[in-house]
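Note sheet for the following structure.
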Amino acid sequence: MIPKVRKAVFPAAGLGTRFLPATKAQPKEMLPLVDKPLIQYGVEEAIHSGVQNIIIVTGRNKSSIEDHFDVSFELESLLEDKGKTDLLKLVREISELIDVAYVRQKEALGLGHAVLRARDLVGTEPFAVVLSDDVIHSEKPCLAQLLDVYQYFGASVVALLEVPEQAIPAYGIVDAEPIAHNGVNDRVYRIRNMVEKPKPEAAPSRLAIIGRYVLTPEIFGSIEAIDPGAGGEIQLTDALKHLLRSRPIYGLRFEGKRYDAGDKLGFLQATVEYALRREDMGGPFREYLKSLDLG
Ligand code: UTP
């Protein structure tokens, strides 16, 4: 029997240098997309994919994340006194979403290192990793799509996205072969190799790994086994490459639109499109955009 994935790890201890100065005193995972912090979109995606436990890896400035998912008695009683029941419901829903556990990454030594910090809380079961600065709009949650593939193969699965050539050096790129007629769908790949942040001419494909993973617990041993890689950081891609020596890893070209909200331009694109999709403001916001003289 293939064990069920019950836990999701949210690394949120990066320095967020691409978004300075907004990330000087708060993690980028707390930047609001319209009115909700990025990390809440990720947590909701995990819950809608059937995850029961959330583990957030925090760094400096961790308190805003903890406060966000905690009960806020002061705010709740203020809203109650003022009879603002809609807002009260909104605020309560967040702390009632799910129980969240926290673990600290004292120094930003890389994504692989951040995931390793969650080892004691994850234990020896398969788990998901969600990078909440990759925001994904899709009919079926991206993580749920990955979990389907995991349930079929019982092996680690990464989310894949075809990126333009000039974007290749920003990603982990895979060498992968599509697997047809395997009972899952035509978006599934078996990964042969992967390379972190290659030059475009050295890249084996344009398929990039983006921020959703389902990992088997052997990944922890692989993270421990590797040396620091690109940027002097313990890279998750390098650990996956190490894992490939002993276990198969699959990739899924997921269905949905992904925004790189850790980047200023990607964040603005996400903000515009999420605002346009909102029932309560999509109409007037569209009118406003139409009124702009964009030359
Ligand atoms: P990024 O590659 O986006 O790095 O991390 P970053 O440091 O956060 O941001 P930039 O590039 O300097 O702007 C991908 C994910 O891994 C987490 C980040 O919080 C983000 O969710 N991360 C990264 C950690 O938790 N710890 C690390 O040491 C590095």
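The values are calculated or read from the model by the stated rules, or taken from the named source; none is laboratory data. The shown structure was predicted, so the numbers you read here are calculated from the model rather than taken from an experiment. All Cβ positions, even for glycine, are placed from backbone atoms using ideal geometry, and neighbour counts span all protein chains on display.
List of remarks:
Here is a yes/no grid of residues against (1) under 11 Å from Val57 (Cα atoms); (2) in a loop (DSSP other than H, G, I, E, B); (3) more than 8 Å from the ligand (Cβ to nearest atom):
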{"residue": "Leu109", "(1), (2), (3)": "no, yes, no"}
{"residue": "Ala114", "(1), (2), (3)": "yes, no, no"}
{"residue": "Thr124", "(1), (2), (3)": "no, yes, yes"}
{"residue": "Val129", "(1), (2), (3)": "yes, no, yes"}
{"residue": "Val135", "(1), (2), (3)": "no, no, yes"}
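- Among the criteria (1) away from the ligand (no atom under 13 Å from the Cβ); (2) modelled with pLDDT of 95 or more, the one Asp260 does not fulfil is (1).
- Only one of Val9, Val5 that is away from the ligand (no atom under 16 Å from the Cβ), on the phi < 0 side of the Ramachandran plot and in contact (Cβ under 8 Å) with a residue 24 or more places away in the chain: Val5
- Checking Val214 against (1) in contact with a helix residue (DSSP H, G or I) (Cβ under 7 Å, 6 or more places away or on another chain); (2) within 16 Å of the ligand (Cβ to nearest atom); (3) of a type outside the set (Gly, Ala, Ser), the condition it does not meet: (2)
- From the options Ala159, Ala167, residue that is out of contact with any Ser or Thr (no Cβ under 8 Å at 6 or more places or on another chain), part of a strand (DSSP E or B) and closer than 27 Å to Gly266 by Cα: Ala159
- Within segment 251-279, residues that are farther than 30 Å from Tyr150 by Cα sit with their Cβ atoms under 8 Å from residues that are away from the ligand (no atom under 16 Å from the Cβ) and not hydrophobic (A, V, I, L, M, F, W, C), at 6+ positions apart or across chains, in these pairs: Glu273/His137; Glu273/Lys257; Ala275/Gly282; Leu276/Gly282; Leu276/Arg286; Arg277/His137.
- Considering each residue of segment 43-54 in turn, none proves to be within 11 Å of the ligand (Cβ to nearest atom) and crowded, with 20+ Cβ neighbours inside 10 Å.
- Counting the residues of segment 12-37 that are among the aliphatic types (A, V, I, L, M) and near the ligand (Cβ under 9 Å from one of its atoms) gives 4.
- Those residues of segment 88-109 which are modelled with pLDDT of 95 or more and among the polar types (S, T, N, Q), in sequence order: Gln105
- Residue within segment 130-145 that is surrounded by 15 or more Cβ atoms within 10 Å (Cβ to Cβ), over 28 Å from Leu268 (Cα atoms) and not basic (Lys, Arg) present: no
- In segment 107-125, the residues that are within 18 Å of Asp227 (Cα to Cα) form Cβ pairs under 7 Å with partners that are near the ligand (Cβ under 9 Å from one of its atoms) and among the polar types (S, T, N, Q), at six or more places apart or across chains, as follows: His113/Gln105; Ala114/Gln105; Arg117/Gln105.
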